[in-house]
1. What residues does region B:41-63 have that are buried by at least 40 Å² of accessible area in the full protein assembly compared to the chain on its own, 1.4 angstrom probe?
2. So what are the ³J(HN,Hα) numbers for region A:75-88, from phi and the Karplus equation (6.51, -1.76, 1.60; θ = phi - 60°), rounded to whole Hz, Gly and Pro as x?
3. To the nearest 10 square angstrom, what accessible area does B:Asp65 show with a 1.4 Å probe?
4. Projected onto the charge dipole of the protein assembly as shown (+1 at Lys/Arg Cβ, -1 at Asp/Glu Cβ, origin at the Cα centre), which of B:Thr57, B:Phe28, B:Ala96 gives the Cα projection farthest towards the positive end?
5. Could you list which residues have their amide H under 5 Å from that of A:Thr83, counting only those 5 or more apart in sequence or on another chain, with H placed in the peptide plane?
6. Give the ranking of B:Met47, A:Met10 by solvent-accessible surface, highest area first, calculated with a 1.4 Å probe.
7. Any chance you could check region A:22-50 for residues losing 20 Å² or more of accessible area when the partner protein chains are in, compared with the chain on its own (1.4 Å probe)?
8. Apply the Karplus curve 6.51 cos²θ - 1.76 cosθ + 1.60, θ = phi - 60°, to the phi angles in region B:102-111 and return the couplings in whole Hz, x for Gly and Pro.
Amino acid sequence: LAKTTQPISMDSYEGQEVNITCSHNNIATNDYITWYQQFPSQGPRFIIQGYKTKVTNEVASLFIPADRKSSTLSLPRVSLSDTAVYYCLRSTGRRALTFGSGTRLQVQP
Amino acid sequence: GAVVSQHPSWVICKSGTSVKIECRSLDFQATTMFWYRQFPKQSLMLMATSNEGSKATYEQGVEKDKFLINHASLTLSTLTVTSAHPEDSSFYICSAPDTSGETDTQYFGPGTRLTVL
């Protein structure tokens, strides 16, 4: 699977909403978009997954437009503990995931 | 979400020795598991795909005789780093897809830090 494209880094302050956009121009029909969060020396943690439109769970929202060429992860009211690397990935069933560089989010007080 | 465990969480060994890392899916079965390696400040790189009941498949550039993979059961895969050298020092992470849902979401283990002296 091809890698996705996302900003290398982002800065934010506590309490703000953070939106991380990911580009996946060549997304295949069977691909889902999945976001993971990784802290130093830990495995990636599943955040959210979607196919089209909007998905929301207790920690984030995921917006995917109709053409599915991009997606946006929205983190409401971030805290210092949200400082991490966030990966946007195309996922198809049981196939291995191809990681890009991810987005390093730094939340400041 | 589903839980994947790894053991040990960290290991230090002498050069030339072998190290075994276990990956377990705790609340679901996985016929396939994946092994990744991550160097400092870098992203995860797929090393190999572990298949229950058959041979593992390795990515280009990964030595199959050095990184032995055994998928012993539907909940356990092991990675053995044979004759480890300092350049093998890295963070090893496994993942497994939970196929009980609609989308086969993959879940990752907490990782194993290997340091070869």
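1. SASA drop of 40 Å² or more in region B:41-63: B:Ser43, B:Leu44.
2. Here the 3J(HN,Hα) series is 10, x, 6, 5, 10, 4, 6, 8, 5, 5, 9, 10, 10, 9 Hz.
3. Accessible area, nearest 10 Å²: 120 Å².
4. Positive-most Cα among the choices belongs to B:Thr57.
5. Here A:Val107 satisfy the definition.
6. Details: B:Met47 5, A:Met10 50 Å².
Accessible-area ranking of B:Met47, A:Met10, largest first: A:Met10, B:Met47.
7. Buried-area filter returns A:Tyr32, A:Tyr36, A:Gln38, A:Ser41, A:Gly43, A:Pro44, A:Phe46, A:Gln49.
8. Per-residue couplings from phi come out as 7, 10, 6, 4, 8, 10, 10, x, x, x Hz.
The values are calculated or read from the model by the stated rules, or taken from the named source; none is laboratory data. Here the structure is a predicted model, which means the values were calculated and not measured. Positions of Cβ are backbone-derived with ideal geometry, glycine not excepted, and every protein chain shown enters the neighbour counts. Ligands, DNA and RNA are excluded from the accessible area calculation, which covers all protein heavy atoms including side chains. Shrake-Rupley method; radii C 1.70, N 1.55, O 1.52, S 1.80 Å.
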